[in-house]
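See below for the structure under consideration.
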Amino acid sequence: MTILLTLSYLRFNVESKTPWLNRIKEIDELHLNTTLKNESGSRSLDKLISSGIHHSNLKKLLRCPALPPISNDLIHLVIIPAAKEDEEILRPGIISLIEQEISCKQILVTLAIEERAPATTKKAAEKLQKEFKNMFLDFLVVIHPSNLPGEARVKGANASYAATHCTQYFQDNNIDLSNVIVSCFDADTVVDKKYFSALTYAFMTTPDREHASYQPIPVYHNNIWTVPAFSRVMETGSSFFQLIESTNPEKLVTFSSHSMSFKALHDIGYWPKDMISDDSAIFWKAYIFYEGKYQVIPIYATLSMDATMAEDWKTTIKNIYKQRRRWAYGVENFPILIRGFLRSPNISVYNKIRHGFKMLEDHVSWATWGFLLTTMSWFPALIAGQQYNNSVLYYNEPHITRTIFQLSSISLFISILLSIAMLPEPKGDHKWAKKLGHIFEWLAIPFVLVGLSALPALDAQTRLMFGKYMEFWVTDKTRK
């Protein structure tokens with residue numbers, strides 16, 4: 001995992017400097033001239049790597065039966081579901097859409113507000129719509145009625161309802177659904193200024209672009225330096241996990257905020273309306289609908305959300321636990337996926353086994369790793385008794401554990417270096433003191449692994465096993 005994390009970070013660091021708009025322009029020019037240009041001049045290693053990847057993508061496009069649509073014809077639909085967030089949470093994300101490299105007139109913003117949302121949320125939506133409507137292609141506010149038939153109180157139901165309104169909007173304005181890329185963001189999501197240009201490039205360079213989702217790297221930097229230490233380590237670890245996953249696109253599954261072709265979303269019937277883990281469920285729904293001809297393309301661009309924080313550290317721990325339990329409830333996808341595989345004869349047995357096994361292994365590991373890594377080394381001495389004390393293993397154990405400790409220390413050291421490299425600069429005075437303190441915060445790993453990762457995962461899986469189904473719990477958003 002450490003090796004994959006390091007490789008993924010290096011790739012991310014290279015691509016973060018890529019001039020996406022220039023690359024998009026070169027793709028548009030293929031409609032006029034299919035001769036590839038060789039970039040000249042001395043360049044650094046990272047630029048050579050990035051240029052090589054781009055050149056390979058252009059060659060791949062030229063082998064396709066048809067070139068991608070012109071970039072100016074593409075529309076970005078951004079759906080932002082909100083249940084109880086106020087203007088303070090919603091506004092930064094809207095402003096980040098305005099600051100994109102691409103034209104704001106290619107972005108359609110849709111705030112999907114729950115009918116049961118407090119008045120402050122509805123007023124904030126109306127205020128933002130009035131203030132920013134003329135800056136985008138359009139700015140819609142859609143109120144999702146409560147208690148519709150076949151729906152649970154989950155985010156997917158709200159987002160799907162908004163998507164049906166957007167379908168009607170596109171049809172009324174004669175916009176081809178194949179030219180629409182939809183992104184479903186959490187209410188606190190702030191996107192990097194290069195996000196939509198990187199997304200446009202990824203969409204255009206994917207030959208089967210309609211049968212793909214596009215997964216960025218989620219980070220939790222909006223309030224990262226104001227949250228308690230254990231929360232900072234927890235959220236950094238979540239970003240690391242997604243970086244590791246991006247190194248294996250063949251097994252990559254959508255997580256949190258992501259993007260996809262709106263035509264594909266429309267064809268499969270939008271997001272699930274009765275599942276908590278809709279962000280991964282939408283991938284499996286598309287994968288089964290298209291009989292295995294669906295993939296996830298990693299995007300080396302970030303979108304930032306709020307790290308979990310409450311008014312005090314005790315409530316923060318409680319909220320992190322609930323949030324991780326909700327994430328871990330994604331194991332509900334497993335029985336649904338297996339049933340879908342049984343009804344899908346055109347998906348190869350190999351793909352069924354590798355995807356099914358990975359999902360099961362990921363969730364079982366999630367619920368057990370923390371306990372095993374923290375306690376397993378004590379078991380032989382505590383349980384085996386005198387027989388163990390007289391064994392060869394007993395005398396070799398110090399050498400074995402020392403080697404394991406040295407290797408794990410290297411991994412921890414690399415994780416600390418990468419976390420400092422990825423985190424934004426702290427605000428205010430004593431910046432280096434805060435970074436130095438962050439190094440020692442990683443000593444909280446045992447507590448984080450067991451109490452805030454493995455335990456909520458075990459809780460979620462046990463609830464599902466006994467049929468105690470959960471509802472979608474909206475994480476409280478608090479900023480200082």
- Note on the structure: Across the stretch 290-315, the tally of residues that are closer than 30 Å to Lys193 by Cβ, not in a loop (DSSP other than H, G, I, E, B) and not hydrophobic (A, V, I, L, M, F, W, C) stands at 5
- Any residue at all in the stretch 358-370 that is under 24 Å from the mean Cα position of the chain (by Cα), in contact (Cβ under 8 Å) with a residue 60 or more places away in the chain, under 30 Å from Pro92 (Cα atoms) and part of a helix (DSSP H, G or I)? no
- Message: With the requirement that a residue be farther than 24 Å from Ala125 by Cβ and in contact with a Lys or Arg (Cβ under 9 Å, 6 or more places away or on another chain), what does the stretch 176-203 give you?
- Response: Asp176, Leu177, Ser178, Asn179, Ser197, Tyr201, Ala202, Phe203
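In this structure, does Ala162 turn out to be touching a strand residue (DSSP E or B) at 6+ places or on another chain (Cβ under 7 Å), outside any loop (DSSP other than H, G, I, E, B) and in contact (Cβ under 8 Å) with a residue 40 or more places away in the chain?
Values: touching a strand residue (DSSP E or B) at 6+ places or on another chain (Cβ under 7 Å): yes; outside any loop (DSSP other than H, G, I, E, B): yes; in contact (Cβ under 8 Å) with a residue 40 or more places away in the chain: yes.
For Ala162, the condition - touching a strand residue (DSSP E or B) at 6+ places or on another chain (Cβ under 7 Å), outside any loop (DSSP other than H, G, I, E, B) and in contact (Cβ under 8 Å) with a residue 40 or more places away in the chain - is met.
For residues that are of a type in the set (Ser, Thr, Tyr), touching a strand residue (DSSP E or B) at 6+ places or on another chain (Cβ under 9 Å) and assigned to a helix (DSSP H, G or I), tally how many sit in the stretch 210-264.
Step one: of the stretch 210-264, the residues of a type in the set (Ser, Thr, Tyr) are 213-214, 220, 226, 231, 236, 238-239, 246-247, 254, 256-257, 259, 261.
Applying the additional criterion that residues be touching a strand residue (DSSP E or B) at 6+ places or on another chain (Cβ under 9 Å) yields 213-214, 220, 236, 238-239, 246-247, 254, 256-257, 259, 261.
If we keep only those that are assigned to a helix (DSSP H, G or I) as well, we get 236, 238-239.
Looking only at that region, the number is 3.
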- Across the stretch 201-233, which residue is surrounded by the fewest Cβ atoms within 10 Å (Cβ to Cβ) among those that are of a type in the set (Val, Ile, Thr) and within 19 Å of the chain's Cα centre (by Cα)? Ile224
- Conditions: (1) surrounded by fewer than 21 Cβ atoms within 10 Å (Cβ to Cβ); (2) in a strand (DSSP E or B); (3) among the polar types (S, T, N, Q). Thr120 meets all but one. Number of the miss? (2)
- Message: So, Ser419, is that one modelled with pLDDT of 85 or more, closer than 22 Å to Val450 by Cα, part of a helix (DSSP H, G or I) and more than 26 Å from the chain's Cα centre (by Cα) or not?
- Response: no
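Return the total of residues in the stretch 384-401 being at pLDDT 70 or above and farther than 19 Å from Ile445 by Cα. Outline the logic, then answer.
Looking only at the stretch 384-401, we keep the residues that are at pLDDT 70 or above, and these are 390-401.
Restricting the remaining residues to those that are farther than 19 Å from Ile445 by Cα gives 390-400.
Qualifying residue count, the stretch 384-401: 11.
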- Message: Within the stretch 91-113, take every residue that is touching an Asp or Glu at 6+ places or on another chain (Cβ under 8 Å) and within 15 Å of Val142 (Cβ to Cβ) and give me the one that is surrounded by the fewest Cβ atoms within 10 Å (Cβ to Cβ).
- Response: Leu108
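Just to check your reading of the model, which residue among Ile53, Ile3, Ile102 is under 30 Å from Asp279 (Cβ atoms), at pLDDT 90 or above and not in a loop (DSSP other than H, G, I, E, B)?
On the way: Ile53 fails: at pLDDT 90 or above; Ile102 fails: not in a loop (DSSP other than H, G, I, E, B).
Of Ile53, Ile3, Ile102, the one residue that is under 30 Å from Asp279 (Cβ atoms), at pLDDT 90 or above and not in a loop (DSSP other than H, G, I, E, B) is Ile3.
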- Task: Pairs only if they're at least six apart or on different chains, beta carbon under 6 angstrom, first in the stretch 295-314 and touching a residue at least 40 places away in the same chain (Cβ under 8 Å) and within 24 Å of Leu252 (Cβ to Cβ), second part of a loop (DSSP other than H, G, I, E, B) and aromatic (Phe, Trp, Tyr); list them, first residue then second.
- Result: Met305/Tyr220; Ala307/Tyr220
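Would you mind finding the one in Ser51, Ser71, Ser56 that is touching a residue at least 40 places away in the same chain (Cβ under 8 Å) and either of a type outside the set (Lys, Arg) or surrounded by fewer than 16 Cβ atoms within 10 Å (Cβ to Cβ) (or both)? Please lay out each step first, then the result.
Details: Ser51 fails: touching a residue at least 40 places away in the same chain (Cβ under 8 Å); Ser56 fails: touching a residue at least 40 places away in the same chain (Cβ under 8 Å).
Sole residue among the options that is touching a residue at least 40 places away in the same chain (Cβ under 8 Å) and either of a type outside the set (Lys, Arg) or surrounded by fewer than 16 Cβ atoms within 10 Å (Cβ to Cβ) (or both): Ser71.
Can you pull out every residue in the stretch 133-154 that is assigned to a helix (DSSP H, G or I) and touching a helix residue (DSSP H, G or I) at 6+ places or on another chain (Cβ under 6 Å)? Outline the logic, then answer.
Residues of the stretch 133-154 that are assigned to a helix (DSSP H, G or I), as a first pass: 133-135.
Of everything in the stretch 133-154, just one residue is assigned to a helix (DSSP H, G or I) and touching a helix residue (DSSP H, G or I) at 6+ places or on another chain (Cβ under 6 Å), namely Met135.
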- Item | Criterion violated by Asn333 - all others in (1) polar (S, T, N, Q); (2) surrounded by fewer than 21 Cβ atoms within 10 Å (Cβ to Cβ); (3) in contact with a helix residue (DSSP H, G or I) (Cβ under 7 Å, 6 or more places away or on another chain); (4) within 22 Å of Gly156 (Cα to Cα) satisfied | (2)
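Only residues that are touching a Leu at 6+ places or on another chain (Cβ under 9 Å) and aromatic (Phe, Trp, Tyr): list them for the stretch 284-297, please. Show your work before the answer.
Filtering the stretch 284-297 for residues touching a Leu at 6+ places or on another chain (Cβ under 9 Å) gives 284, 286-288, 295-297.
The answer is Trp284, Tyr287.
The values are calculated or read from the model by the stated rules, or taken from the named source; none is laboratory data. If you're wondering where the values come from, they're calculated on a predicted model, not measured in any experiment. No Cβ is skipped: glycine too gets one built from the backbone with ideal geometry, and neighbour counts run over all protein chains shown.
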